[in-house]
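Structure record follows, encoded as structure tokens.
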Amino acid sequence: MNQEILVVADQRAQIIGFIDPASHTVTGWIPGMVLAEHAGILSLGNGRCAWVDDAGGSLIVMDPFAATDTDPAAAIEHRISVAIPGEHLACDPAGRFIAVSTGLGQSWEPWSDVLGVVDLQATAGPYSRRIRTRAGEPGVVVATTPGGPRAILRHREPGAIESISIDDILTDGVHSPQLRGGSIEAVGAEGHGDAYDPDTGTLFVATERGLECFDVRGPVPAALPMRPWKAAGRAYFLRFCPRRRLLVAVLREGGEHPRKWDAWGNTLWVHDIDANTSRTAPLGDGMIFRFALTGTAIAVARIHPDGDDLRTYDTETLREHGQWTLPPMDKAPRRGAEPWDDADRRAIAASGSDEWVAVTRGGHGEVHLIDTGVPGSALVTVKVPTSLNDGGHLAWLNRADAGPGDTVGR
């Protein structure tokens, strides 16, 4: 029985489906589903996942391994009402409580102050509650504390970290009451990127000032020493590897000049949580949107007018393992224009048990599968029945994963 599956979403075309990475075949598609791409897909362990359907206003809990050739929608276990548009998505380390924050949607100004929480293991079945907090685009993690689970919000402009009891939300959250918790300010105003280490009860936040750290085990977050980036630029996206106890990010230099994206400098940054040490490696110019973690490496897809490529770097030494040229995209970002304006990108995902990596070719309806453990290996291209405009979204799931691992949607 296949242990791994690749989830492929095209939020523009309102469809989500599956690829069997072992046979390189498409195994089913479910129409009418709009993945909240910024919130991403959250692994729940045992091959299950959760994500926000921005069309249906639902948290979708899904077991892709339950899909069949004749009934792909059999993968859907639950549809639970949540507020949209989904901005960030996180769960507790056991995968029981899920929090969903709301973003801007089609608005240019913050307008929604609604936070949703779902209990997947309630006696009468999964249910949700919503409260009002503070308008913006809050990041969120769900922390395990001696006093019970808590939703930890990372607010922007002005920056703040707020802690709200999950029990209070589930008890009081009928008719969306306003509910606030203990908070700490004097945080970077432009936070973007969050990770949570349940072993130490630490929240990590990427801001313009550096890696800001907070002890979130109590009802009021407590600031811990901040770690400067010590390289040009800043991170906009953090990933947590619980097995190796690492934080991984790409530092972007020049992000304040989006029309000069082809000259953005990029630096791979890896932080050892227990040793409290960081190391870096240069990645070259261009746009690196997100990255993925394989069994031993970090996979980075880089977009540049002179050619796109996939590179892998050893997690321990940051030495480059290999490099692969990616076929060009017809509507790739253009020099002199913002890379988000009417342009396609690439989504990326990787197997955590070996060295296989998946990268999309936005606008072409193609997913490239690459065995990065073999230098110079050929790309295996899987054609999917949707164009993947904007690059779509990918998640690589494994039945053998006992729990969520990284508890933040990616």
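Read-outs throughout are calculated quantities, based only on the coordinates presented, and are distinct from any laboratory measurement. This one's a predicted model, so the numbers in the text were calculated from it and none came from an experiment. In this analysis, Cβ positions are derived from the backbone assuming ideal geometry, glycine residues included, and neighbour counts consider all displayed protein chains.
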Exercise. Taking a label point 7 Å from the Cα of residue 317 along the Cα→Cβ vector, which residues of the range 256-280 have an amide N closer than 19 Å to it?
Worked result: 268-272, 278-280
For this session: Pop a pseudo-label 7 angstrom from the Cα along the beta-carbon direction at both residue 259 and residue 337 and give the gap in nm to one decimal.
Result: 1.3
For this session: Return the label of the correct value of Cα extents along the principal axes in Å, as calculated from the structure shown, out of (i) 55, 53, 39; (ii) 62, 46, 36; (iii) 87, 54, 42.
Result: (i)
Problem set entry | For the range 179-195, 3J(HN,Hα) per residue [Karplus equation, 6.51 cos²θ - 1.76 cosθ + 1.60, θ = phi - 60°, Hz, x = Gly/Pro] | 9, 10, x, x, 9, 10, 9, 6, 10, x, 6, 10, x, 7, x, 9, 8
Problem set entry | Dipole-positive endmost among 14, 258, 36 within the chain (Cβ charges, Cα centre) | 258
Seminar exercise, completed: Convex hull around the C-alpha positions of the range 77-228: the volume in Å³ per residue is 109
Problem set entry | Approximate spin-label separation residue 330-residue 243, in nm, with each point projected 7 Å along Cα-to-Cβ | 3.9
For this session: Treating only the Cβ atoms of Lys and Arg (+1) and Asp and Glu (-1) as charged, compute the dipole magnitude of the range 77-228 about its Cα centre; round to the nearest 20 debye.
Result: 220
For this session: Could you please state, rounded to a whole Å, how far the C-alpha centre of the range 42-112 is from the C-alpha centre of the range 156-205?
Result: 20
For this session: Sort out for me the Cα centre separation of the range 296-326 from the range 334-354, rounded to whole Å.
Result: 14
